Structures are given as C-alpha cells and as structure tokens.
Amino acid sequence: MVPILDEHSLDFISHSEAQTRRLGARLGELLQSGDVICLAGELGAGKTCLAQGIGQGLGIEGPITSPSFTLINEYRPEQARLPFYHIDLYRIEEAKETLSLGLEEYFYGEGACVVEWADRALQALPAEHLWIELRYIVETKRGLLMKALGKRYEQLLREFKRMAFGI
Ligand SMILES: Nc1ncnc2c1ncn2[C@@H]1O[C@H](COP(=O)(O)OP(=O)(O)OP(=O)(O)O)[C@@H](O)[C@H]1O
Ligand SMILES: [Mg+2]
C-alpha cells in the first residue's frame, strides 16, 4: 500500500472492510469542531463503512447506521468527544432540495460532519472541506482518493498521513 501524494492529496488502496474502518477511526481521532468530510463514490463503495470508522474515532460506542431515511443522524457529546453529524444525501431528488435541510446548521456547528453522496449537493458544501472519493476495485479492495480544500484540511491531511502511514 504505497500512497501517491502531493501536498493536497493522498491516493491509496484499502484491502478490507476492517482496514477502511480503521483508517476512518484514525481520521476521526483527528477531527475538530466544524470539520466537514465529504464522501463520494458509487453504491457499495464503502462510504458508510468509512463513516462508521470516523464515528468510532470520535468516541461513539453504539452502532452507527446510515441515515438513509432521516438524511441526518446526530450523535451527541455524551457519547463522543464532539457532536457527530452523519449526513446521507442519497435520497435527495434534486440538488436544490438540500437548501431546505438546513445543512448550514451542521456544517457551521459545533460538531464534525460526514456527508455521504456529497457530490449531490456540491453548491451546499462549505468551500473548505476534506473530499474523499471511494472507488470499487475488486470485491475486497477500494481505492480512496483524498483531497484537502483549504488550510485546515491540508493540516488535517498531513496529520492523517503521519498517523495512518507514518509519512
Ligand atoms: N476495502 C473495503 N472497504 C470498505 N468496504 C468494503 C471493502 N471491501 C469490501 N467491502 C464491502 O463493501 C460494502 C461497502 O458498503 P457501504 O455501505 O459502506 O457502501 P456505501 O458506499 O455507503 O454504499 P451506499 O451508497 O449504498 O450507502 C460492505 O458490504 C463492505 O463489507
Ligand atoms: Mg452508505
């Protein structure tokens, strides 16, 4: 697993569901209030798996299920180091629908946000965020491409590279 990298990006392969979860947890441990992590990738690419790892890294102990029907699941600080907002835009019909969800409250709130299907609401996302694209390679392997947009996320990506890969 050799990451290809420049300052703003990281591209690597996860070889198992467990590894994706573990990498998510490493990332979750580094998150701060107001951080926004955007996930894109086809059905079954591993977005929820990564989001579950991130939640574990934030200290959530109970099960983390994808908020498919509710669109947003909120986990409060009694469970976690920070509030965790898990957003899934799969059921959004049109991009403009996202405006009525009041996502700003979460994006600019006290917690850390993970957004599945973030590509469905590009115009609603904060300009600065960590973008993660997951791609199916073979049954147990997924490619993860991370891109940092903005200073905070460049710093986060640097810390993640060090924590997850020792580079
Ligand atoms: N390396 C891997 N990383 C993540 N998941 C993997 C990996 N290898 C196999 N899988 C399997 O792929 C599936 C990923 O499902 P997951 O729900 O996380 O995808 P998703 O991108 O959230 O899909 P959806 O868009 O339907 O919500 C799981 O069944 C998981 O076991
Ligand atoms: Mg999902």
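Each reported figure results from applying straightforward, stated rules to the coordinates on display, with no laboratory input. As the structure is a prediction and not an experimental result, all values here were calculated from the model. Cβ sites come from the backbone with ideal geometry, for glycine too, and all protein chains shown count toward neighbours.
In a reduced charge model with +1 at each Lys and Arg Cβ and -1 at each Asp and Glu Cβ, the chain shows a dipole moment near 540 debye about its Cα centre. Separation of segment 113-139 from segment 65-97 is 13 Å, based on Cα centroids.
Note on Lys96 and Arg22: their simple-model spin labels are 4.7 nm apart, each label 7 Å out from Cα toward Cβ.
In the distance distribution for the chain, Cα-Cα pairs more than 23 Å apart total 32 percent. Take the Cβ atoms of Ala127 and His15, set R0 to 41 Å, and the FRET efficiency comes out at 0.80.
For the peptides 24-34, 55-65, 131-141, the ranking by packing is 24-34, 55-65, 131-141, with the highest mean count of neighbouring Cβ atoms within 10 Å listed first.
Distant-in-sequence amide contacts of His129, defined by a placed amide H-H separation under 5 Å and a gap of 5 or more residues or a different chain, comprise Leu149. Of all DSSP bridge pairs formed entirely within the chain, close to 65 percent run antiparallel. In this calculation the C-beta distance from Asp6 to Lys151 is compared with R0 = 22 Å, giving a FRET efficiency of 0.90.
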